[in-house]
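As structure tokens, the structure follows; a few thoughts come after it.
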Amino acid sequence: MTAPAPSRPPLTPRERARRNKRIEWIWTLIPIVLVMIVAGISTPLLFNLDTGPAGFGSNPNMNVDVTGYQWFWEFHYTDPFGKELTNGTGQVFSNGTLWVPQNAIVWINVTSGDVVHSFNIPQLGVRIDAIPGRINHYWFSIPAGTAVGTQFLAQCTEFCGAGHYDMRAEIVVTPASPLLHPMSI
Ligand SMILES: [Cu+2]
């Protein structure tokens, strides 16, 4: 018969408390540091949603009122001061096609004329609800290097009735222009 292996003497309450404290500090401080890193990265991006991307002031800006109807999208163009933009023939609205200059920051004010819709341009990362009686703001820009004439597809992503499947629009890239005449392609 062999003697049992000698076991370590049990920790005193004071030793146990000291060790617990060390691990408590470790698993408190590491998450705090991680949360601060995530917050530091994401906070400016959150503000960008409201103010536009950093350095956008050097680009021309345009506002587009986007209104969803059963079952089409209507676009109404203005400059940053509310002046209507036209193609020279007095046209300030377009249906089904949104003309966007290459270098513009496009601010969209999205609403609906009837039921709830949702304006979605998957390739540009745009998705925002169109709700009657409410205006939702968002912005997007055309990625650098995109050729004139490139088209992006927009579509309604909120089921809104029989014609929902065909409630699309094209975003067409026009030459960069400080004149902000988005329809004169
Ligand atoms: Cu719809």
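Structure above, values below:
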{"item": "Selection count where residues are in contact (Cβ under 8 Å) with a residue 60 or more places away in the chain and either away from the ligand (no atom under 15 Å from the Cβ) or touching a His at 6+ places or on another chain (Cβ under 8 Å) (or both), scope region 89-120", "result": "10"}
{"item": "Residue match in region 178-185 (condition: surrounded by 13 or more Cβ atoms within 10 Å (Cβ to Cβ) and either at pLDDT 95 or above or touching a helix residue (DSSP H, G or I) at 6+ places or on another chain (Cβ under 9 Å) (or both))", "result": "no"}
{"item": "Check on residue 123, modelled with pLDDT of 90 or more, farther than 18 Å from residue 62 by Cβ and away from the ligand (no atom under 16 Å from the Cβ)", "result": "yes"}
{"item": "Test: residue 5 is outside the structural domain of residue 111 (by TED's automatic domain parsing), surrounded by 10 or more Cβ atoms within 10 Å (Cβ to Cβ), at pLDDT below 85 and over 25 Å from residue 137 (Cβ atoms)", "result": "no"}
{"item": "Matching residues, region 128-147, being part of a strand (DSSP E or B) and touching a Ser or Thr at 6+ places or on another chain (Cβ under 8 Å)", "result": "128, 129, 130, 132, 136"}
{"item": "Qualifying residue in region 115-123 (condition: under 17 Å from residue 50 (Cβ atoms) and within 13 Å of the chain's Cα centre (by Cα))", "result": "no"}
{"item": "Residue list for region 133-146, restricted to those being of a type outside the set (S, T, N, Q) and either closer than 12 Å to residue 123 by Cβ or at pLDDT 90 or above (or both)", "result": "133, 134, 135, 140, 142, 143"}
{"item": "Cβ pairs under 9 Å, 6+ apart, first in region 27-52 and closer than 30 Å to residue 63 by Cα, second hydroxyl-bearing (Ser, Thr, Tyr)", "result": "49/138; 52/141"}
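The values are calculated or read from the model by the stated rules, or taken from the named source; none is laboratory data. What you see is a predicted model, and the numbers here were worked out from it, not measured in a lab. Heads up, the Cβs are rebuilt from the backbone with ideal geometry, glycines too, and the neighbour counts pull from every protein chain shown.
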